[in-house]
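The values are calculated or read from the model by the stated rules, or taken from the named source; none is laboratory data. This is a predicted model, so every value here is computed, not measured. Methodologically, a virtual Cβ is constructed for each residue, glycine included, from the backbone with ideal geometry; neighbour enumeration extends over all protein chains shown.
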């Protein structure tokens, strides 16, 4: 299916690995001119035809710098924003009271805070061209109980951000849509899931068999395919949606 993204300008945050990198690859394959930003956005390890910018989204000035670079490179144009940067689902301690306030604030800023800042900067550009797509990568822990509370809180805020913007008539009637993708367990190299599997392969296998209907975790590419569709004109009626991509892992209707 031709998604009609040829020549669109797309910014993918946290695009150097995992879901972000897979999304950047999917958008490049559809003909987008892609910019990625990440703390480790080193061109030498990203086999991707994309502009890369090193940035730490915990620093507001870095977010502003990313946008300045996009404006200069593409004459003030941005068609697609994928708010993928995030994490912190394994930060902190098992006991809530042993987790310092700094963890709560850092996880919130890395996820919801960064998404809000990037989105606020993108909206005027999309308004000017009367077309835009904002897709935010949250988590199933943002829509149902589970996970560490500081992470669930941040991801729930991302869902609320997209849903609230999607209800604003002046934005969506200017051709901008706002959607959320909520992945379940995704196997990404050198992350907590891989470490868990290596530490106790038999326990990991039992967990997959009992908790995951497909008997496996998802892949970044499976999430990226959904994101690419939501970024396209084919998804013009999809606005304010939270699309779960988890193979049936979550328990909400």
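Worth pointing out:
- So residue 66, is it more than 26 Å from residue 218 (Cβ to Cβ), assigned by TED's automatic domain parsing to the domain that holds residue 236, over 13 Å from the mean Cα position of the chain (by Cα) and not in a loop (DSSP other than H, G, I, E, B): yes
- If you filter the stretch 30-58 down to residues that are within 13 Å of residue 8 (Cα to Cα) and either modelled with pLDDT under 90 or touching a strand residue (DSSP E or B) at 6+ places or on another chain (Cβ under 6 Å) (or both), you find that the one that is surrounded by the fewest Cβ atoms within 10 Å (Cβ to Cβ) is 33.
- Any helices (runs of 4 or more DSSP H) falling wholly within the stretch 148-223 and containing at least 1 residues that are touching a residue at least 24 places away in the same chain (Cβ under 8 Å) and either surrounded by 14 or more Cβ atoms within 10 Å (Cβ to Cβ) or under 21 Å from the mean Cα position of the chain (by Cα) (or both): 149-166, 169-172, 192-199
- For the stretch 95-112, the set of residues classified as surrounded by 13 or more Cβ atoms within 10 Å (Cβ to Cβ) and over 30 Å from residue 237 (Cβ atoms) consists of 99, 103, 104, 105, 106, 107, 108, 109, 110, listed by residue number.
- The combined condition, being over 30 Å from residue 234 (Cβ atoms), in contact (Cβ under 8 Å) with a residue 12 or more places away in the chain and either loosely packed, with under 14 Cβ neighbours inside 10 Å or not assigned by TED's automatic domain parsing to the domain that holds residue 159 (or both), is not fulfilled by residue 61.
- The sole residue among 86, 132 that is within 15 Å of residue 14 (Cα to Cα) and in the same structural domain as residue 39 (by TED's automatic domain parsing) is 86.
- Failed item, numbered, when residue 252 is tested on (1) loosely packed, with under 11 Cβ neighbours inside 10 Å; (2) free of Cβ contacts under 8 Å to residues at least 60 places away in the same chain: (2)
- Screening 128, 145 for residues that are assigned to a loop (DSSP other than H, G, I, E, B) and either surrounded by fewer than 17 Cβ atoms within 10 Å (Cβ to Cβ) or touching a helix residue (DSSP H, G or I) at 6+ places or on another chain (Cβ under 6 Å) (or both) leaves exactly one candidate, 145.
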